[in-house]
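A quick write-up on the structure given underneath.
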Amino acid sequence: MKISSLQKLRYQYTPKLPAMLRGGISNISVKEGAETQSVADQEKIKALFPHTYGKREITFQKGENTSVAKKQVVGVILSGGQAPGGHNVICGLYDALKATNPENQLYGFKRGPIGLLKDDYIVLEDDYVDKFRNTGGFDIIGSGRDKLETVEQFETVAAVCKKRGVNAIVIIGGDDSNTNAAVLAEYFASKNYGIQVIGCPKTIDGDLKNEDIECSFGFDTATKTYSELIGNIARDANSAKKYWHFIKVMGRSASHVALECALKTQPNICLVSEEIAEKEMSIAEITDYIADAVAARAANGENFGIAVIPEGVVEFIPEFSVLIGEINEMLAGSKADEFNALPTWEDKYHMIEKGLTEHSLEVFAMLPLNIQQQLFMDRDPHGNVQVSLIESEKLFSSLVKANLAKRKAEGKYNGKFSALHHFFGYEGRCAFPSNFDADYCYSLGYNAFMLIQYGYNGYLSKVSNLAKPAEQWVAGGMPITKMMNIERRHGEDKPVIRKALVELDGNPFKYFAAHRDKWAVETSFVYPGAIQYYGPSEVCDITTETLALEKQ
């Protein structure tokens, strides 16, 4: 297999560790902090997690290692969507495990949780692990989206662990995966199975964060990758001076990716879903907002621009959420078959008119035909609209085009508007990790093994103080239950890790809000360029604009 020059060099890169994790395993001790409680619904969460709730946060520090020496056999899975740096979590875990005792073993269970359920694994060894150091992707063992939720599944996992001698499992995943990790840890503790469960915080969407988890891994690399592409397109737009580029980026549940890319590239428009929900903005108001910027730039002779759209924005528009709810209700049960059996779109439209309220029908009528049909064609297994598949970048460019045509007819606009569309998602999920993510992920994995060695269960590997150089990072752990609350899922109250939304009173959004009016009219583009791996630290080791502003 041919290997690129960059890949060869990345194999040789030595990730940086926090100071307290350097200098040998024998010199790492534990300092326990205060007891914890869940972020909300404390009594309910405590009742559901009696064996793992309220445990103390811990920090590793220099000192004598007082953990009990024993052979460790650890299992690891990658769960959910890919994120840059996942390989380094496993590499850090592996290196700490082998440094503690060369007889320790690491089992990589394939394709996520299903590997644990089917006893499908590979024993990770030096030659194999070394092929994946500092590289993107999850192909070292693969990933999957299966859940570990039922007692039957828990017992199957316990049986597999017993068969293989596995005494600890590391689950590398996002909020749902780490919720599963917390439930599994509680079950094992309740049965005295002696199997520890440790989580690692992963998601490029950036919505697994709080006062303890400053940044989920992969977010830095993904946003730098998207920002490079947005910068390239902005440079092209400023060269050709004839297109408006509507760019959708990842982030269904929160707008962290869109906001970070906006802070890096300074586009003319960036929608922030959380602000739209807070202000209860209508589709018409959002369209006017974008069209105003297009018209203002056209008045200056600039018929081009960049608009960044979060993937899940339509779910945050109140009237659109109501419309989707009514469509889901309208097509419940056998009604979906009745609708699908109608021969023409005209016939289907008549049924839609009868099934929607007056206001929702007005909203529906505003939508371009392709979006209207998409709402009724793309359904999930439960018959609901798959909102994530709605091409919101095309939706808003079509609405803006119609808005500007109306203005032109009224003599209020005399510019030109041509739109191009982009969606950046998969492009960033498996990129070569930035130095920050390579270092951060390696530290998370190394740290995860120290949590195992010291006997912790139901904990999340935690590395903080991330706005500082790596040697000043702080390594430790926190009970996963600290991040949990109760939410309604599929008609039942479920304990879940609370998603972190963009905080409108936080420094990153306030900085954006203070500058966006200028960016909207002026051509203020910034061109970040490609991720840099070698050179000055201020170029190669920088973290996100979001984190830098949050820690001001």
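Looking only at residues that are under 24 Å from Met483 (Cα atoms), touching a strand residue (DSSP E or B) at 6+ places or on another chain (Cβ under 9 Å) and of a type in the set (A, V, I, L, M, F, W, C) in segment 126-174, which one is surrounded by the most Cβ atoms within 10 Å (Cβ to Cβ)? The extreme case among them is Ile172. Taking segment 1-111 and the helices (runs of 4 or more DSSP H) fully enclosed by it, the elements with 3 or more residues that are assigned by TED's automatic domain parsing to the domain that holds Glu487 and within 30 Å of the chain's Cα centre (by Cα) are at 42-48, 86-100. For segment 159-177, the criterion of a residue being without any contact (Cβ under 8 Å) to a residue 40 or more places away in the chain, closer than 16 Å to Leu460 by Cα, within 20 Å of the chain's Cα centre (by Cα) and in the same structural domain as Lys462 (by TED's automatic domain parsing) is satisfied by no position. Take the conditions (1) in a helix (DSSP H, G or I); (2) in contact with a helix residue (DSSP H, G or I) (Cβ under 7 Å, 6 or more places away or on another chain); (3) in the same structural domain as Ala298 (by TED's automatic domain parsing); (4) over 26 Å from Leu229 (Cβ atoms); Lys408 misses just one of them, which is (2). Go through Ser360, Ser321, Ser334 for me and flag whichever is among the polar types (S, T, N, Q), crowded, with 19+ Cβ neighbours inside 10 Å and either over 30 Å from Phe512 (Cα atoms) or assigned by TED's automatic domain parsing to the domain that holds Phe396 (or both). The conditions single out Ser360.
Determine, yes or no, whether Asn414 is touching a Lys or Arg at 6+ places or on another chain (Cβ under 9 Å) and either at pLDDT 95 or above or of a type outside the set (Ser, Thr, Tyr) (or both). Yes.
The strands (runs of 3 or more DSSP E) located wholly in segment 437-489 that include 3 or more residues which are assigned by TED's automatic domain parsing to the domain that holds Asp175 and surrounded by 24 or more Cβ atoms within 10 Å (Cβ to Cβ) occupy 459-464, 474-479.
I'd like the full set of residues that are out of contact with any Gly (no Cβ under 9 Å at 6 or more places or on another chain) and of a type outside the set (Asp, Glu), limited to segment 43-60.
Lys44, Ile45, Ala47, Leu48, Pro50, Gly54
Each row is one residue, and each column tells you yes or no for (1) among the hydroxyl-bearing types (Ser, Thr, Tyr); (2) touching a strand residue (DSSP E or B) at 6+ places or on another chain (Cβ under 6 Å).
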residue	(1), (2)
Ala181	no, yes
Tyr187	yes, no
Val197	no, yes
Glu228	no, no
Asp236	no, no
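Does Ile213 meet the test of being farther than 23 Å from Lys494 by Cα and either of a type in the set (Val, Ile, Thr) or outside the structural domain of Glu103 (by TED's automatic domain parsing) (or both)?
no
Restricting to segment 1-32, name every residue that is at pLDDT 95 or above and loosely packed, with under 12 Cβ neighbours inside 10 Å. Result: Thr14, Glu32. The number of residues in segment 439-482 that are closer than 17 Å to Thr544 by Cα and touching a strand residue (DSSP E or B) at 6+ places or on another chain (Cβ under 6 Å) comes to 6.
The values are calculated or read from the model by the stated rules, or taken from the named source; none is laboratory data. Values in this document were obtained by computation on a predicted structure and should not be read as measured data. Don't worry about glycine lacking a Cβ; one is built from the backbone with ideal geometry, like all the others, and counts go over all protein chains shown.
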